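The values are calculated or read from the model by the stated rules, or taken from the named source; none is laboratory data. The structure presented is a predicted model; accordingly, all values stated were derived computationally and were not measured. Using ideal geometry, Cβ is built from the backbone for each residue, glycine included, and neighbour counts are taken over all protein chains shown. With ligands, DNA and RNA removed, areas are computed over all heavy atoms of the protein, side chains included. Shrake-Rupley method; radii C 1.70, N 1.55, O 1.52, S 1.80 Å.
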Amino acid sequence: MTRVRNKAALTGVFALCCFVIFLVLFSQDVFRKIVENRIKEHTELKVNSEVYKNWKDPPVPAYLQFYFFNVENKQEILQGGRATVRQQGPYTYKEFRHRANVSLFNNSTISASTQRSFIFEPTMSVGDPRKDVVTTINIPFATLLQMLKRSGITQKLLAAALFTLKRNALFQSRTVEEWLWGYEHPLLKFGHRVLPSVFPGSQFGLFYGINGTDDGEYLFNTGKDDYMKFTEVMMWNGQESLNWWASNSCNMINGTDGASFHPLIKKDEKLYIFASDVCRSFYLMFEKEVEVEGISAYRFVLPKEAFDSDHPSNKECCPGGNCPLSGVLNISTCKQGAPIFISSPHFYNGDQQLVSDIGGMEPNTEVHQTYLDIEPMTGIPVRAAKRMQINIHVESVKSVVQTSQMRTMILPVIFMNEHALIDGKSAAKLKAALYKINLVTYIPHIFLYIGIVLCLAALILALVAWRHNDNKDFTQVILNLPNVEAH
């Protein structure tokens, strides 16, 4: 039985060593630090690398959905009544993004323009945008009303433009395709003929000119010297900051363009995104852990304070110092003076007055919240939804008969749901990479499990020795085990 006791002792020693190794590795988080350091070292946009290819041509399919708010009672509105709208949509377009005119520089920066194109997706839509008609505010007309009240342009000339075009009215009915991609607007056509410097063209569309084009040149950080700055926007159209707002904080260009983020995401950080279409930088904050296509992810959401007029980040961003109700932001300064206010769909997270002023508003977290689900180790977005609403600030102008009785309101026109979900092929590649990473970081636990098995083996061997030792006290058997070097 000496051999059995020796084996028990030796097994126990090995078990103890495994426990010690586990405690050292676990307490110091050695392998996780090794993995994180490797990730930091390889976080860089290098030409022809896998990261670069995915950045240049994102493999994750994206869709842009448009929901219109059809005005149901335009006559009542003109007579001072409360507006009622009916949501119509979605009209869905598959979105293709491509980085063009890419130039890599020696100072760890890379420049590119992001070209976007859209193709209608009938299987994800409710109708035909070429035939379906929507009635909503005549935005050029509403913009001219603002110019009448605030611009230095000769009011008589502008009034003449308003009254010369009898076909113009505060509300217009057009097809979805016309509202989105453009049509020749009679008011703009007239204005272009008499004041081309003020009216540069005759076409109007909410997204006129963006299909197949880009929004300017970006200068990105490659992340070579600092992984935390991976794909951060350094400059946009040659400028390090914007010039539309009254304060430096509002004009700051922060974060990435939303397509990629640095790895090793922490729950307590803010993810900044520069959105050129709304002329501002925003940030997202951690809300909860989720699972997407079998991948564990962190959900970051657009916080309520993003559209809070009393929040320090917004107070100085109000044109003329006049902030609207919380829940909307006035971006007319960067939209050629058009009275455009942005918000979350259905004024979600906004002042209750915004909701009660317009019939048909039904804010809902599940369908109106902007969020980003991101895999924290790699920083790869696995699901996202950018949801934004375009509203028009409509005011009464006493000198214009059409609007003389109308109440001031913020009228919703359209909301967009730009969303993406990682596809099966990309999800499989990401899960395979995460499996390798987790396997390395799990090494300390392997020592733990080996130690447990060895400990059990040592106890079994000691029990065998006890049973063959004339029922000698079990503890004594263990304590009296001979030295492991004994033969």
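Within region 271-285, take every residue that is open to solvent by 50 Å² or more (accessible area, probe 1.4 Å) and under 12 Å from the mean Cα position of the chain (by Cα) and give me the one that is nearest to Lys224 (Cα to Cα). So that I can check it myself, show each step before the final result.
Filtering region 271-285 down to residues open to solvent by 50 Å² or more (accessible area, probe 1.4 Å) leaves 272, 277, 285.
Restricting the remaining residues to those that are under 12 Å from the mean Cα position of the chain (by Cα) gives 272, 285.
Working: Tyr272: 19, Met285: 26 Å.
Result: Tyr272.
How many residues are assigned to a helix (DSSP H, G or I), buried (at least 17 other Cβ atoms within 10 Å of the Cβ) and basic (Lys, Arg) if we restrict to region 168-193?
Number satisfying all stated conditions: 0.
Please count how many residues of region 194-234 are more than 30 Å from Asn138 (Cβ to Cβ), touching a residue at least 24 places away in the same chain (Cβ under 8 Å) and open to solvent by 30 Å² or more (accessible area, probe 1.4 Å). Even if it seems obvious, please write down each step before you answer.
First pass over region 194-234, keeping only residues more than 30 Å from Asn138 (Cβ to Cβ): 217-234.
Of the ones still in play, those that are also touching a residue at least 24 places away in the same chain (Cβ under 8 Å) are 217-225, 227-234.
After this cut, where a residue has to be open to solvent by 30 Å² or more (accessible area, probe 1.4 Å) as well, the list is 217, 219, 224-225, 227-229, 232, 234.
Selection size over region 194-234: 9.
Consider Asn322 carefully, then state whether it is at pLDDT below 95 and open to solvent by 60 Å² or more (accessible area, probe 1.4 Å).
Working: at pLDDT below 95: yes; open to solvent by 60 Å² or more (accessible area, probe 1.4 Å): yes.
In short, yes.
Looking at Arg116, Arg174, can you tell me which residue is within 19 Å of Asn391 (Cβ to Cβ) and at pLDDT 80 or above? First the steps, then the outcome.
Values: Arg116 fails: within 19 Å of Asn391 (Cβ to Cβ).
Selected residue: Arg174, the only one of Arg116, Arg174 that is within 19 Å of Asn391 (Cβ to Cβ) and at pLDDT 80 or above.
So in region 147-171, with the set limited to residues that are within 40 Å of the chain's Cα centre (by Cα) and under 30 Å from Gly89 (Cβ atoms), which one is modelled with the lowest pLDDT?
The extreme case among them is Asn168.
Does region 359-373 contain at least one residue that is open to solvent by less than 20 Å² (accessible area, probe 1.4 Å), closer than 30 Å to Ser296 by Cβ, part of a strand (DSSP E or B) and touching a residue at least 24 places away in the same chain (Cβ under 8 Å)?
Yes, there is a match, as at least one residue in region 359-373 is open to solvent by less than 20 Å² (accessible area, probe 1.4 Å), closer than 30 Å to Ser296 by Cβ, part of a strand (DSSP E or B) and touching a residue at least 24 places away in the same chain (Cβ under 8 Å).
Please go through region 301-319 and pick out each residue that is surrounded by fewer than 17 Cβ atoms within 10 Å (Cβ to Cβ) and closer than 18 Å to Pro412 by Cα.
Passing the criteria: none in range.
What number of residues within region 244-290 are assigned to a strand (DSSP E or B) and acidic (Asp, Glu)? Explain how you work it out, then say what you get.
From region 244-290, those assigned to a strand (DSSP E or B) are 252, 256, 271-275, 280-290; that's our starting set.
This time we only want the ones that are acidic (Asp, Glu), so: 287, 289.
Adding up the residues that qualify gives 2.
Consider only pairs whose beta carbons are under 8 Å apart and that are at least six residues apart or on different chains; among these, list those whose first residue lies in region 242-259 and is free of Cβ contacts under 8 Å to residues at least 40 places away in the same chain and whose second residue is part of a loop (DSSP other than H, G, I, E, B) and surrounded by fewer than 19 Cβ atoms within 10 Å (Cβ to Cβ).
Hits for this filter: Asn251/Asn243; Asn251/Trp244; Ile253/Glu240.
Check region 291-313 and report whether any residue there is under 15 Å from the mean Cα position of the chain (by Cα), aromatic (Phe, Trp, Tyr) and assigned to a loop (DSSP other than H, G, I, E, B).
No - not one qualifying residue is present in region 291-313.
Within region 69-78, identify whether any single residue is within 30 Å of the chain's Cα centre (by Cα), open to solvent by 10 Å² or more (accessible area, probe 1.4 Å) and of a type in the set (Lys, Arg), and answer yes or no.
Checked against the condition, which is being within 30 Å of the chain's Cα centre (by Cα), open to solvent by 10 Å² or more (accessible area, probe 1.4 Å) and of a type in the set (Lys, Arg), region 69-78 yields no hits at all.
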